[in-house]
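Undergrad: Sharing a structure with you now.
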Amino acid sequence: MKTIYLDNNATTQVAPAVTEAMLPYFTQKYGNASSMYPMAAEAHHAMERARAQVAALIGAAYPDEIIFTSCATESDNTAIFSAVRAYAQKKHIITSKVEHPAVLHPYKFLESQGYKVDYIGVDANGRFDMDQYKAALDANTALVSVMWANSETGTIFPVAEIAALAKEHGALFHTDAVQVIGKMPVNVQETKIDMLSLSGHKFHAPKGVGALYVKRGTRFTEFMMGGHQEKGRRGGTENIPYIVGLGVAAELAQKRVSDGSLARIAALRDRLQAGLLSSIADAKLNGDPDNRVPNTANISFGYVEGEAILMHLNEYGICASSGSACTSGSLEPSHVLRAMGVDFKFAHGSVRFSLSEQTTGEDVDKVLEVMPGIIENLRKISPFSRMK
Ligand code: PLP
């Protein structure tokens, strides 16, 4: 059975060109980039090439604004703790209610340490509440960290506007850009971004490598204290093969943004979405219908459980994600859908389909063919159906 992989916001397949570029750095050019012989110099050059590739992808002015990390979780933690150390006298920080745990958990920790935290809400379509944000900002705000697009719904936040307001109030601005890389143009110079996190495995590089952009001149304290690597900004021997892979994936992502691939992905996503919404009763889109990354459709099927839908999709080799997590017997809808105020009978039945360049029209046809029957059968046995 063919696997139909529609969970690209969770992780992506490593692109063949990425694997190919990485391999020599495991077996032939395996030198430590800090050592003093030609093989090490080769590793060092490869790393610097990758740094330039990642810098180009996000429009950074200088390659040395890119710090390689192990993942976006590390990048997010580094940015947040660096910012609060840099502005230690300010005790107020802002984020949104719909961030990834890689941002929410450091914020909760800082709240427990006495920081005043504002978690900005979203409307029913997942759009950032700009009025609440403007009211929250003040001269005591050290940091604003707001994601560029939401991982569950794909809704894009007006990061340029949010960043400009943060800067007006003298706060640092960080964005978790994990879900926009390779899905739309990103230019850190056109927006007033001080720090930006990205993760390789969300755009066809391997898991375990990411980057943090830190604009030159930003006050910065390292999170991983150790050796002098990354100009003293991140201790630890650099993972050259993965960094090389990240660089190649960055080039591929940049190409995708400009060569028409995104329009093709969006057309498939729109066909999938329209087909599901028209063929299944009580199905609703979660997220901003007009302003989402092109690959994501999060749809709630009322009166059924998302996890049950996923299990049935598995039977057809279809991989997707659900917005609800079954924890110790109680079904808790995702914090994102809760923040949007999605009715629990719909929040429980949400499925996120996230496409990639590899998704085909046949993949979409298959989902459209099997979903109506799956939902109909589940509704026959669902206790939620009685709540209608
Ligand atoms: N931020 C967002 C928005 C994400 O979607 C993810 C991954 O799901 C992360 C951060 C964490 O990325 P990583 O797995 O590289 O730590």
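Undergrad: Is there any pair with a first residue in the stretch 113-126 that is more than 17 Å from Asp138 (Cβ to Cβ) and a second that is part of a loop (DSSP other than H, G, I, E, B) and small (Gly, Ala, Ser) whose Cβ atoms are under 6 Å apart and which are 6 or more apart or on different chains, and what are they?
TA: Correct list of pairs: Ala124/Gly341; Gly126/Gly287.
Undergrad: Give me the pairs, please: first residue somewhere in the stretch 330-355 and surrounded by fewer than 24 Cβ atoms within 10 Å (Cβ to Cβ), second residue anywhere and aromatic (Phe, Trp, Tyr), beta-carbon distance under 6 Å, and either six or more positions apart or on two chains.
TA: Final answer for the pair search is Lys345/Tyr303; Lys345/Phe384.
Undergrad: So, of the residues in the stretch 187-237 that are touching a His at 6+ places or on another chain (Cβ under 9 Å) and more than 16 Å from the ligand (Cβ to nearest atom), which turns out to be nearest to Lys29 (Cα to Cα)?
TA: The residue in question is Gly235.
Undergrad: Continuing with this model, one more query. Out of the residues in the stretch 262-302 that are of a type in the set (Ser, Thr, Tyr) and touching a Gly at 6+ places or on another chain (Cβ under 7 Å), which is farthest from Ser151 (Cα to Cα)?
TA: Selected residue: Ser300.
Undergrad: Taking interchain pairs and intrachain pairs at least six residues apart, which have beta carbon atoms under 7 angstrom, with the first residue in the stretch 61-75 and farther than 23 Å from His45 by Cα and modelled with pLDDT of 95 or more and the second assigned to a helix (DSSP H, G or I) and within 8 Å of the ligand (Cβ to nearest atom)?
TA: Taking only residues 6 or more apart or on different chains, the pairs are Ala72/Ala102; Thr73/Ala102.
Undergrad: For the structure I just gave you, tell me whether Val244 is away from the ligand (no atom under 16 Å from the Cβ) and assigned to a helix (DSSP H, G or I).
TA: Judged against the criteria, Val244 is a match.
Undergrad: Looking only at helices (runs of 4 or more DSSP H) that fall completely inside the stretch 89-186, which ones have 2 or more residues that are of a type in the set (A, V, I, L, M), modelled with pLDDT of 95 or more and within 12 Å of the ligand (Cβ to nearest atom)?
TA: The helices (runs of 4 or more DSSP H) meeting that bar are 101-112.
Undergrad: What do you reckon, is Asp64 in a helix (DSSP H, G or I), under 26 Å from the mean Cα position of the chain (by Cα) and crowded, with 18+ Cβ neighbours inside 10 Å?
TA: no
Undergrad: Looking at the stretch 1-30 only, could you name the residues that are in contact (Cβ under 8 Å) with a residue 12 or more places away in the chain, away from the ligand (no atom under 16 Å from the Cβ) and among the hydroxyl-bearing types (Ser, Thr, Tyr)?
TA: If the condition is that a residue be in contact (Cβ under 8 Å) with a residue 12 or more places away in the chain, away from the ligand (no atom under 16 Å from the Cβ) and among the hydroxyl-bearing types (Ser, Thr, Tyr), then Thr3, Thr19, Tyr25, Tyr30 are the ones that fit.
Undergrad: Filter the stretch 149-176 for residues that are within 14 Å of the chain's Cα centre (by Cα) and over 11 Å from Ile193 (Cα atoms) and give the result.
TA: Of everything in the stretch 149-176, those that are within 14 Å of the chain's Cα centre (by Cα) and over 11 Å from Ile193 (Cα atoms) turn out to be Ala149, Asn150, Ser151, Glu152, Thr153, Gly154, Thr155, Ile156, Phe157.
Undergrad: Taking the condition free of Cβ contacts under 8 Å to residues at least 60 places away in the same chain, among the hydroxyl-bearing types (Ser, Thr, Tyr) and crowded, with 16+ Cβ neighbours inside 10 Å, does Thr155 pass?
TA: So Thr155 does not fit the description; no.
Undergrad: Counting only residues that are of a type in the set (Lys, Arg) and over 17 Å from Asp64 (Cβ atoms), which one in the stretch 189-237 is surrounded by the most Cβ atoms within 10 Å (Cβ to Cβ)?
TA: Lys202
Undergrad: Go through the stretch 213-230 residue by residue and tally those that are in contact with a helix residue (DSSP H, G or I) (Cβ under 7 Å, 6 or more places away or on another chain) and within 21 Å of Ala60 (Cα to Cα).
TA: Residues flagged as in contact with a helix residue (DSSP H, G or I) (Cβ under 7 Å, 6 or more places away or on another chain) and within 21 Å of Ala60 (Cα to Cα) within the stretch 213-230 amount to 8.
Undergrad: Quick one: how many residues across the stretch 366-384 are at pLDDT 95 or above, of a type outside the set (Gly, Ala, Ser) and surrounded by fewer than 14 Cβ atoms within 10 Å (Cβ to Cβ)?
TA: Selection size over the stretch 366-384: 3.
Undergrad: Further question: Taking the stated definitions as given, is Thr360 modelled with pLDDT of 95 or more and either under 19 Å from the mean Cα position of the chain (by Cα) or small (Gly, Ala, Ser) (or both)? Before you say what the answer is, go through the steps one by one.
TA: Details: modelled with pLDDT of 95 or more: yes; either under 19 Å from the mean Cα position of the chain (by Cα) or small (Gly, Ala, Ser) (or both): no.
Considered against the rule, which asks whether it is modelled with pLDDT of 95 or more and either under 19 Å from the mean Cα position of the chain (by Cα) or small (Gly, Ala, Ser) (or both), Thr360 comes out as no.
Undergrad: From Gly247, Gly287, grab the single residue that is within 30 Å of His45 (Cα to Cα) and buried (at least 23 other Cβ atoms within 10 Å of the Cβ). I'd like the intermediate steps shown before the answer.
TA: Numbers: Gly287 fails: within 30 Å of His45 (Cα to Cα).
Answer to the check: Gly247.
Undergrad: Next question, about the same structure. For the stretch 172-203, give me the residue count where each residue is of a type in the set (A, V, I, L, M, F, W, C) and touching an Asp or Glu at 6+ places or on another chain (Cβ under 9 Å).
TA: 6
Undergrad: Right, Glu251: more than 16 Å from the ligand (Cβ to nearest atom), under 27 Å from Met22 (Cα atoms) and assigned to a helix (DSSP H, G or I) or not?
TA: Yes, satisfied.
The values are calculated or read from the model by the stated rules, or taken from the named source; none is laboratory data. Quick caveat, the model's predicted, so the values are computed rather than measured. Every residue, glycine as well, gets a Cβ built from its backbone with ideal geometry; the counts of neighbours run over all protein chains shown.
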